[in-house]
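Coordinate-derived values only; no laboratory data. From a predicted model like this one, the values you see are computed outputs, not experimental measurements. Neighbour counts are summed over all protein chains in view; Cβ atoms, including those assigned to glycine, are modelled from backbone coordinates with ideal geometry.
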Amino acid sequence: MNKKMLVCSAAVLAILLAGCTGRQADRTAVRLEGDDNPNYTVPESALDVTEPQENQEDITSQVDDALISFVREAAVASTGPQENKEEPVKEQVPDVIYVPTPQDVVDKMLEMAQVKKDNLVYDLGCGDGRIVVTAAMKHGCKAIGYDIDPERVKESLENVEKSKVGNLVTIEQKDIFTLDLSEADVVTLYLLPSLNVRLIPQLEKLRPGSRIVSHDFRMKGVKPDKVVRLTSTEDNSKHKIYLWTTPLRKAIKKNKTSAEKID
């Protein structure tokens, strides 16, 4: 992305953020740090559980998702690989930048997914491997982390070795959109909404009763079983965790009456 495009993107983002409430602006801030603490227990007072309502759109969620997506997608574009005129190298660029999930959010994601010892957990876009490492350490299960970025794979492998869970955790450098997910009991996500939607055909091949949990981002067109709002004690920001169970329940759009259209 050239300098003029960066300035333009920054200007658009400034306008968007200026029109947001303080809460929405806080949620768009990119969280760059996380404290590895697998023994952390989320206080009940920090949780707000919401059961999804039939045929109801959450306008605030859509605004938040759009703003967070803008921030992350702009960051991906601005940090893309530089052109190498002498020796071009073909390398897949990650669809999103790496933003660590706070450890208390990781713990809640695995709790909501009801991870058991005999389960197999897949983390798509594993970053530094904290989700699969936590799954192994706290729940004693096998877990596989996938990431397309070699730097993230390296960090994940170091985390696995440091945590001494190499007998349970595998890290692989792969494109998540080419994976067969049918063997997983639990799939964890921290991707953009558009990427979650792209994964639906793969997620539909999971066995009945498999669980999918997503940090912050929904899956348009698929109704979640539960949505939990959590204020992390690590970054003092509000987070959402979405839970789906297979087979996925497609959201049904209700046709508006003539009177509703006029209104």
**Asked** Given the convex hull of the Cα atoms of region 114-263, what is a quarter of its surface area in nm²?
**Response** 11.0
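Nothing charged except the Cβ atoms of Lys and Arg (+1) and of Asp and Glu (-1): what's the magnitude of the dipole of region 154-263 about its Cα centre? Round to the nearest 20 debye.
Working: 21 positive and 15 negative charges, 153 e Å.
About 740 debye.
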**Message:** Which one, Y122, M112, P100, is farthest towards the positive end of the dipole of region 88-187 when Lys and Arg carry +1 and Asp and Glu -1 on their Cβ?
**Reply:** M112
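Taking all pairs of different Cα atoms in region 106-192, averaging 1/r and flipping that mean, what Kirkwood radius in angstroms comes out?
Roughly 12.5 Å, rounded to one decimal.
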**Request:** Would you be so kind as to identify which of L191, N167, V153 lies farthest towards the positive end of the dipole of region 147-199, taking Lys and Arg as +1 and Asp and Glu as -1 on Cβ and the Cα centre as origin?
**Result:** L191
**Asked** Arranged from highest to lowest average of other beta-carbon atoms within 10 Å per residue, in what order do the peptides 124-137, 164-177 appear?
**Response** 124-137, 164-177
